[in-house]
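The block underneath contains the structure these notes are about, expressed in structure tokens.
Bear in mind that the values in this text are calculations on the coordinates, not laboratory data. In this text the structure is predicted, and so the values were computed from the model without any measurement. Every residue, glycine as well, gets a Cβ built from its backbone with ideal geometry; the counts of neighbours run over all protein chains shown.
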Amino acid sequence: MTFHEVGVEVEQARVVVPTRSGWRRLRPGDWAVRIGTIALLLGVWELFGPSLNKLILRPPSDIVRAFFELLGNGELQEALGQSLRELVGGFAIALVLGLVLGIASGRWRFVYNATDPLVSALYSVPSVALVPLIAVAFKSFGDPPRIATVALFAIFPILINAQQGVRNVDRQLLEVARSFNTSERRLWTDVIVPSATPYVLAGVRLAIGRGLIGMIVAEFFIGLVGLGYLIISYENVFRIDRMFVPVIVVATMGILLMGFVQWVEGRVAPWLKRDQ
Amino acid sequence: MIVDRIVVEGATKRYAAVTVFDGLELAVRERETLCILGPSGCGKTTLLRAMHGLVPLDGGRVSIDGSKVTAPRRNVAMVFQHFGLFPWKRVGDNVAYGVELAGLPRTVVQERVARYIELVGLGGFERHYPHQLSGGMQQRAGLARALATEPDILLMDEPFGSLDAQTREILQDELLRIYQRDPRTMVFITHSIEEAISLGDRILVMTSRPGRVRELIGVDIPRPRTVESVIAHPRFLELRDHCWRLLREQQVIA
């Protein structure tokens, strides 16, 4: 008789199917409510908006028309290309620098002490207040200061979360690793990196929102280009229908990027599925 | 001839003002199961960690096979009360962990993982994540991870302490069977008298803080054993009452 013939069957019947917090996984009914709410809002806006304020509350149908106008004359594509360039550049810098500094400061006391006061100070100051300074520092109104602005806005959630992720590694698992004679390199790949991953991804999600704000703010303050320029220029001439187009494009970018990060999370951290 | 594998001499451990244990002496023999039984807070878990070189002592020493323990050794493996499985590794990868770190070739790792997963009755669950398993199955994986390194010495830190009574008994039986097939030196921490009698060749009863050896009891119940056969054995009740009395003395002091 082999060892597992006794009693195991009893236990195997209790394999846990992860149903906990299943409400977070969207069901068809959820989608109906989500889309229904937006449709209702747009309907009310379309019907009653213009009668409240004809100038500002332009109906959604006007905005759709404006969207195709801006698409037709190429303005939207050009502005979007410009803005995306800043966003991608700034976000890449924030990601690399945030991860490096966050992980290093989470692991080594020296780096933590060296960076923490500066990080706390910069994180507490409203980033908007620093944007004019960035333009001055770069002595330019080109892409570099705008990219730097996006990086400044986006870096802190990534840095701080990476730091916390590294510091909050389960001490029990660290002991397990020691007990099996881990090497430093394997300690990182087996324990520290995977346990910090959910923190980092949460930081990246927060950073997306802040990065988009940074992008628009930079375009307001530094050189007037991209989607920020479209917003300002059409607002100044009271073409509120056209002004709404870049606003909605930015919102859509936010939704798509968040969805992308969620997809990445499912890829690199499949063990977290139990919480979704 | 009786060979001592682990020898603890004058072991002392303090945390700030608290003396966990002071001048502790004990020896674990080749291929025996020594159960360490004691009230919570008597330092039995700290003692086990000191035997593995995970916790430094403030006085005295632990030696394995005659040399002083300063860090975990490859021929010693530990099973944890909290299971200590990596939530991001599948069962197969968790079991492979210790063998991989031992630097064995991939084919050996695969063969060991398959064999020990089968041995603990987890066949078919290699691709599951720990959170998809019950507590009992998680600890089977923890046990397989330790066994797969084929250690000479197994250190068990209340491994079944967080399981329900039924699962606990099933796993105790499995452990007895695994011992029967391939006896190894084992130190087993527990606060359950029944568990200590079922599994142990000897039981070391500790006093509460500061932890000292209250008594070393030989369990004269023959192997092969099952939990059922131990409980039915005439010596069981006497041993249990004896252990009870020793532990109750401590409760009064505590």
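The amide H of B:PHE21, built 1.01 Å from its N in the peptide plane, has B:LYS13, B:GLY211 as neighbours under 5 Å, considering only residues 5 or more places off or on other chains. Extending 7 Å from Cα along the Cβ direction at B:THR70 and again at A:GLU69 yields two label points whose distance is 8.0 nm. Per-residue mean of foreign Cβ neighbours for B:132-140 is 4 (Cβ atoms of other chains, 10 Å radius). Distance distribution P(r), the protein assembly as shown, all Cα-Cα pairs, bin width 20 angstrom from 0: 18, 38, 25, 16, 4, 0 percent.
Full extension of the chain segment joining A:ASN168 with A:ILE248 gains 25.0 nm, where the gain is 0.36 nm per residue of separation less the Cα-Cα distance.
Highest mean packing comes first when the peptides A:141-150, B:110-119 are listed by Cβ atoms within 10 Å, giving A:141-150, B:110-119. Under a cut-off of 21 Å between alpha-carbon atoms, report the lysines in cross-link reach of B:LYS68, not counting same-chain residues fewer than 8 places apart. Partners found: B:LYS13, B:LYS44. In the elastic network of chain B, a GNM with C-alpha springs shorter than 10 Å, the most mobile of B:ILE217, B:ILE36, B:ILE189 is B:ILE217. Could you give log10 I(q)/I(0) at q = 0.10, 0.17 Å⁻¹ for chain A, computed by the Debye formula over C-alpha point scatterers of equal weight, without solvent? Those come out to -0.72, -1.33, one per q.
Its residue count N fixes a reference of 2.2 N^0.38 Å for region B:86-242, and the Cα radius of gyration divided by that reference is 1.13. Translational diffusion of region A:75-195 was estimated from the Stokes-Einstein equation, with Rh taken as the Kirkwood radius over Cα pairs; at 20 °C and 1.002 mPa s the coefficient is 131 µm²/s.
With 0.36 nm allotted per residue and the present C-alpha distance subtracted, the A:ARG185-A:PHE260 stretch has 24.0 nm of extension available. Mean separation of Cα pairs under 8 Å and 6 or more residues apart, divided by the residue count, gives chain A a relative contact order of 25 percent. Take every Cα-Cα pair in region B:37-129 and report what % of them are more than 18 Å apart. Tail fraction, whole percent: 58. The slack between A:SER233 and A:SER120, meaning 0.36 nm per residue of separation minus the straight C-alpha distance, is 37.1 nm. Measuring r between the beta carbons of B:SER63 and B:SER162 and using R0 = 45 Å, the FRET efficiency lands at 0.90. Averaged over peptide A:167-177, the number of partner chain Cβ atoms lying within 10 Å of each residue's Cβ comes to 4. With a 10 Å cut-off around each Cβ of A:178-188, the average count of Cβ atoms from other chains is 5.
The label point for A:SER51 and the one for B:GLU228, both projected 7 Å from the Cα toward the Cβ, are 8.2 nm apart.
Among the trypsin sites (Lys or Arg not before Pro) in region B:175-248, none sits in a DSSP loop with a Cβ that has at most 13 other Cβ atoms within 10 Å. Set the Förster distance to 45 Å, then compute FRET efficiency between A:ARG34 and B:GLN110 from the Cβ-Cβ distance, nearest 0.05. Between A:ARG34 and B:GLN110 the formula returns 0.45.
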